[in-house]
1. Report the FRET efficiency, 1/(1 + (r/R0)^6), for M1 and N234, where r is their Cβ-Cβ distance and R0 is 30 Å, rounded to 0.05.
2. Computed FRET efficiency, Cβ-Cβ of R171 and N101, R0 41 Å: what is it to the nearest 0.05?
3. Which of the aspartates and glutamates could a cross-linker bridge to K86, judged by Cα under 15 Å and excluding same-chain residues fewer than eight apart?
4. Considering amide H positions built from the backbone, and no H for Pro or chain starts, which residues 5 or more places from D25, or on another chain, come under 5 Å of its amide H?
5. Using the Karplus curve 6.51 cos²θ - 1.76 cosθ + 1.60 with θ = phi - 60°, what ³J(HN,Hα) values do you get for each residue of region 125-136, in whole Hz, with x for Gly and Pro?
6. So which trypsin sites (Lys or Arg not before Pro) in region 154-258 pass both tests, a DSSP loop state and at most 12 other Cβ atoms within 10 Å of the Cβ?
7. Show me the trypsin sites (Lys or Arg not before Pro) within region 1-100 that DSSP assigns to loop and that have at most 16 other Cβ atoms within 10 Å of their Cβ.
8. If the cut-off is 17 Å between C-alpha atoms, which aspartates and glutamates fall inside it for K228, apart from same-chain ones fewer than 8 positions away?
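Laboratory data are not the source of any read-out in this text; all were calculated from the coordinates shown. This is a predicted model, so every value here is computed, not measured. Neighbour counts are summed over all protein chains in view; Cβ atoms, including those assigned to glycine, are modelled from backbone coordinates with ideal geometry.
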Amino acid sequence: MIKTFKLVRRVAGLKMHVYITQVDDILIDTGPYSLHKQVRSLVEDTAFKRVILTHHHEDHTGNCAWIEDQLGIPQWIHQKGVSECKVNSTLPLYRSIFWRNRKSFQPYELRSEEMVYSNEHSLKVVHTPGHADDHIVLIDEENGFCLTGDLYLFHSPTSHFSFESVPELIRSLQITLKHSFKGIYCSHGGYFPNGRRLLERKRDYLENLQHEVMTQYKSGHSPREIRKILFPENKPFHYLSLFENSPQHTINSIIQST
Ligand SMILES: [Zn+2]
C-alpha cells in the first residue's frame, strides 16, 4: 500500500506544496510545523507505526516532536542527521516564516544501504548527500519506485543554497540511477510516473553545467565573473533569502570541489 498526502502552504501570495507519503505502516517525513493542523488531522486518520525521514530540514521534520511526545511512535533518520534533530532548529527569518522552527526530537540512526521491510515493500536506504548531508532516498526495485525526498525538485536549477553541493548532487543522482525504478515520489512535486527520466535530465543538466563552469574557470574567469556570464539575473527569492540561495553557491560548489 502506498499513499500520498498533499499539503499546501500559502504565505503572502507564495504557495508551496509538501507531500507526505505512507508506505504500509511507514510514514515518510512529517511536513513543516507551519502545517501542523493539516498534518495532525491526516496522522490521526492514518495507521502508521514508524517514521522514516528523508533528511533533517524543517519542512520534513516539523511535526516529529509532536509525533514522539503525543503518539510515542519511533522515527529514523540517516546517521548524519541524528545530532541535528536533537536540538531545536534556528532558521533564518525567511525559512521560519514559511515553515516555522522545529522542536528537538530523538530519532534512531539509519545506515546507508540498510533495507527497510514492510508488508508489501522492501525499501533500500541510499545515502544521497548534496541537498543535505544526511539526505537519503528509499528505493523499492521490485515495485519500481523511488521516494526521492528533495533530490529531484526541478530538473534544471539555476541557483542553490549555501549548504548544497552540485558535485555531490551529481554523484547522488548517478548512484540513485544505478537502481531499477521508473516512478518517483518527490516531496514537493508528488508522484511522477516518468520520474526516472526526470532524474536523468537533472543529472545531464548538472553534468553539463559543471563542465561549463570548469571550462570558464580554467580559461581564467573568477567565480564571480562566471556567475555574471552564466546566471546574470538576481531573482526575488535570492534577495528574500539574503543570498543564502544564489547562483553564486552553484558556481562556488563546483569550483571548490576541484
Ligand atoms: Zn530539504
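1. It comes out at approximately 0.10.
2. My answer for the efficiency is 0.85.
3. Filter leaves E58, E68, D69, E109, D134.
4. The answer is N119.
5. 7, 10, 6, 9, x, x, 7, 8, 4, 9, 5, 10
6. Hits after loop and neighbour filter: K178.
7. Details: sites: K3, K6, R9, R10, K15, K37, R40, K49, R50, K80, K86, R95, R100; in loops: K49, K86, R100.
Loop-located and lightly packed - K49, K86.
8. Correct list for K228: E212.
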